Structures are given as structure tokens and as C-alpha cells.
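Accompanying notes for the structure given below.
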Amino acid sequence: MQNPSSLSIIVVGGGIGGLAAALCLARKGFSITLLEKRDVFKEVGAGIQISPNGSRVLIELGLGKHLDQHAVRPAGINVFDGVKGRQLARIPLIPYMEDNYGAPYYTITRSDLHSALANAAMAHENIDIHFESYVTAVATDGGRVAITANENEDMFADIMIGADGVWSATRKLVLEDGAAEYTGHTAWRALIDINKAPESMRCAMVNLWLGPKTHLVHYPVSSGTKLNIVAITESDWEKEGWNHRGNPKELAGLFAGWDAAPRELLRAMGRPLKWALCGRQPDYNWHGIDRVTLLGDAAHPMLPYLAQGAVMAIEDSYVLAQELARHDDPVQALRSYENIRGPRTGKVQQGAFDNASHYHLTGMAGHARNLALRAAGAAPGLFLKRYHWLYSKNVLTAG
Ligand SMILES: Cc1cc2nc3c(=O)[nH]c(=O)nc-3n(C[C@H](O)[C@H](O)[C@H](O)COP(=O)(O)OP(=O)(O)OC[C@H]3O[C@@H](n4cnc5c(N)ncnc54)[C@H](O)[C@@H]3O)c2cc1C
């Protein structure tokens with residue numbers, strides 16, 4: 001068992017993954033320096049779904065009360081044929097998730113989740129946060145890791161965790177295995193006052209509309225006062241960043257063949273923000289080097305079609321802290337963490353890729369998918385069992 005106070009750990013990135021990792025490590029007694037390139041913590045106005053395999057870790061970290069105050073517990077998932085406007089299936093989440101997995105399924109804004117983690121991290125005596133600290137160089141030769149921030153501020157650590165997201169600089173510097181690639185899918189998103197949405201769309205449900213080369217997801221967040229809307233299209237538009245402004249007319253054109261009800265919701269989005277979805281091919285053996293490891297999107301960026309990117313970062317965090325506390329040799333601990341997490345996150349990456357093509361099927365293939373979904377809707381228990389491997393994971397009891 002490692003003596004936690006004898007190891008210095010630097011976490012690069014203060015997103016959901018970096019903050020969750022800092023908290024999990026601090027709870028085990030490690031001292032953490034977290035480097036965040038921005039000048040304050042802020043998150044984009046968008047929603048996120050947190051399934052029980054992630055919510056149980058957040059509750060363990062003491063954030064249950066915050067989640068209950070700010071999140072929504074959706075009753076289920078509605079699946080619709082976006083072109084015909086017909087419901088294909090209704091999958092219950094309440095009471096299924098808590099009955100079967102002992103933790104709720106939440107929908108929450110990224111900023112509500114992020115601020116819960118950030119407040120807990122800032123209040124923890126073992127966590128030292130440096131803002132405006134942009135990591136520009138990392139050197140590792142088997143001994144301590146040398147990290148440079150802002151071109152000229154040198155630091156050393158026994159361990160470095162790269163949690164700097166899909167465009168990870170630390171990954172580029174250490175692994176030199178190229179950048180994440182554009183997937184050909186674009187997300188158009190908006191967070192609107194729930195009263196501005198068509199009345200039939202204000203329910204406490206996750207709603208998924210499927211159409212040819214397009215889909216639409218919406219669910220309430222902010223204790224039910226706001227609606228998060230994400231429309232996904234296929235295009236060759238490719239720009240790094242989360243906040244490019246989209247053209248509502250262009251969006252309407254991409255959904256022109258759809259039913260009137262979802263098109264009304266698209267109009268309610270006003271001027272959406274756009275983001276190009278980037279990822280990597282599913283990789284069951286991602287790894288770090290020497291005393292450096294990766295976590296969250298830096299390690300295994302994925303399409304959002306299983307709603308698991310942040311949840312995987314949260315699972316990673318708990319397992320990483322557990323492995324560092326369990327092993328005397330920190331390098332062995334990091335490789336053990338990667339060996340535990342690789343198969344799990346690779347399978348989830350693959351599942352999200354599979355959903356990408358499944359959601360966007362056209363012609364007869366789309367028709368066949370809709371028939372299969374209607375059949376699944378008639379037996380939702382069986383449908384949910386397909387995802388048992390995903391939601392049943394309990395990293396608190398087993399990595
Ligand atoms: C449309 C969409 C919907 C999604 N829906 C869901 C969902 O429902 N459920 C779910 O679980 N996931 C979802 N995700 C995925 C989720 O958003 C990501 O997986 C998650 O945010 C990854 O967190 P992270 O901490 O690894 O990276 P990030 O959130 O990207 O954080 C990286 C941090 O590192 C900082 N940083 C970057 N470079 C440097 C540097 N060089 N030096 C210092 N700091 C640096 C950044 O400023 C940032 O704070 C969705 C994603 C998208 C695009």
C-alpha cells in the first residue's frame with residue numbers, strides 16, 4: 001500500500017474528469033496539484049445524462065444532495081420515428097434503475113455537475129488548483145515527470161494524469177499518436193426555458209427522435225426548468241471548439257423531411273451552437289508511458305450516442321485512485337489502472353460507434369430498425385437487459 005503523502009500528483013485539466021480524479025485521489029489521502037488552462041471554472045450550457053454506473057460514484061463523493069437539487073430524474077426514455085412522428089418505444093428508467101442498480105439515472109446541465117465537483121475540489125485541503133496554467137510540455141524518462149506550463153513555468157511530479165479532453169495536449173506530447181479525428185457528425189445544441197418548448201415536450205423524459213442521417217435528443221435539466229436539446233447531423237463541417245454559432249435555417253433544412261412536432265422544437269432552439277464531434281477508433285488497450293497516464297476524453301474520446309463519455313471519466317477516476325492506493329509501485333498502479341479500464345472503455349466506445357450508424361439508418365434499413373424498436377418497446381425489460389453490462393458496473397466494489 002502506497003503512502004499517499006509521499007507521492008506528488010499533477011492532474012492536467014479541470015473538466016469533469018480532472019476534477020473527479022482530483023477528488024477521488026484526495027479522499028485516499030494523496031495531495032494533488034490541478035492545472036487548468038482557463039482563468040475560472042466554467043462549463044458550456046448543455047445537458048448531460050448520468051447513468052447509475054456514474055451517479056453511484058458521485059453520490060459516494062458526497063454530491064448526492066447537489067444532484068437531487070439541480071438534476072432531474074427522468075421517468076423513462078421515449079423513442080420516436082422522427083419522420084412519421086410516431087412513438088416506437090417507451091423504456092422505463094424509474095423505478096428500474098434504482099431497483100436494479102441502486103442509484104438513479106439523472107439529467108443535469110454540465111455546469112451544475114461541474115460546479116458541484118469544482119466546489120468540492122476547491123474546498124478540499126489536499127487539492128491545490130492553478131488556473132491559467134496551460135501545459136505546453138511534458139517530459140518523462142522513467143523518473144519524475146517534468147511539466148511546463150505557459151511555456152516557461154517548470155514543475156515536477158511523481159505522477160501526471162492527462163485529463164485535458166478530446167484535443168489533449170498531454171496525449172500529443174507523451175504518446176505522439178496523432179490527434180482525435182472528426183467523426184463526420186455535428187451536434188447542434190441549445191438550452192432553452194422549458195416554457196418555450198412545445199407543451200407536449202416538457203415531460204420528465206429523455207426523448208430520442210430518429211431519422212435518416214439525423215437524430216434529435218431532448219430532456220429537462222435544471223430541476224425541470226430548462227430543456228436541453230441536441231440535434232445531430234452528418235456533414236463535413238469540422239472546427240475545433242464547443243461554441244460555434246449555427247444557422248437555424250441551415251438546421252431546419254437538414255430536418256426538412258421530418259414530422260411537424262420535432263421541427264417545431266428545432267425552431268424553439270433559436271440560434272443553436274454547433275460542435276464538431278471528434279473521436280478515436282475504439283481502443284481496448286490505450287495506455288500511458290512511465291509515470292504518465294490519461295483519463296476521460298484524453299484517453300478514450302467517444303461519440304455521445306450511449307451518453308457515457310463523462311460517466312466513463314468518473315468511473316476512471318475512482319479506479320485510478322483505488323489502484324494508486326493499492327500498489328506500492330506507482331508505475332505498476334498506473335499500468336494496472338489502464339489494464340482494468342481499457343477493455344471497459346473500448347467496449348463503450350464501440351457501442352457508441354455502433355449506435356451512430358444504427359440511429360442514422362436510411363430507407364429499408366431504417367424501417368427495419370423501427371420495427372425492431374417497436375418490438376423492443378413491447379418488452380422494455382428485455383430491452384434494458386441488453387445494457388445490463390453497462391449500467392450494472394459498480395467500480396466502488398470492483399474496478
Ligand atoms: C453533444 C454531446 C453530448 C454528450 N452527452 C453526454 C452524456 O449525456 N453523458 C456523458 O456521460 N457524457 C456525455 N458527453 C461526453 C462528455 O461531455 C465528455 O466525455 C466529458 O466532458 C469529458 O470530460 P473530460 O474531463 O475528460 O474532458 P473535458 O470536459 O474536455 O475537460 C478538459 C479540461 O482540460 C482543460 N485543458 C485542455 N487542455 C489543457 C492544457 N493543455 N493545460 C491545462 N488544461 C487544459 C480544459 O480547459 C478543460 O477544462 C457528451 C458530449 C457531447 C459532445
* Check the range 26-48 and report whether any residue there is among the small types (Gly, Ala, Ser), closer than 25 Å to Glu125 by Cβ and assigned to a strand (DSSP E or B). => yes
* Is there a residue in the range 142-156 that is crowded, with 22+ Cβ neighbours inside 10 Å and under 30 Å from Phe353 (Cβ atoms)? -> no
* To do: Given the conditions (1) over 18 Å from the mean Cα position of the chain (by Cα); (2) β-branched (Val, Ile, Thr); (3) buried (at least 24 other Cβ atoms within 10 Å of the Cβ), report the number of the one that Val221 does not fulfil.
  => (1)
* Please find, among Ala103, Ala89, Ala71, the residue that is within 13 Å of the ligand (Cβ to nearest atom), among the hydrophobic types (A, V, I, L, M, F, W, C) and crowded, with 20+ Cβ neighbours inside 10 Å. => Ala71
* Structure fact -> Over the range 109-141, the set of residues crowded, with 17+ Cβ neighbours inside 10 Å, closer than 19 Å to Leu294 by Cα and of a type in the set (S, T, N, Q) is Ser133, Thr140
* Scan the range 172-198 and report the pairs whose first residue is over 19 Å from His300 (Cβ atoms) and whose second residue is polar (S, T, N, Q) and more than 16 Å from the ligand (Cβ to nearest atom), with Cβ atoms within less than 8 Å and a gap of 6+ or a chain change. => Asp193/Thr225; Ile194/Thr225
* Asked: Could you give every pair whose Cβ atoms fall below 7 Å, whose first residue belongs to the range 52-70 and is within 11 Å of Ala20 (Cβ to Cβ), and whose second residue is buried (at least 24 other Cβ atoms within 10 Å of the Cβ) and of a type in the set (Asp, Glu), counting only separations of at least 6 or pairs across chains?
  -> Gly54/Glu315; Val57/Glu315
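Where a number appears in this text, it was derived from the coordinates with a stated rule and is not lab data. Keep in mind it's a predicted model, so treat the numbers as computed, not measured. Note that each Cβ is placed from the backbone with ideal geometry, even for glycine, and that neighbours are counted across all protein chains shown.
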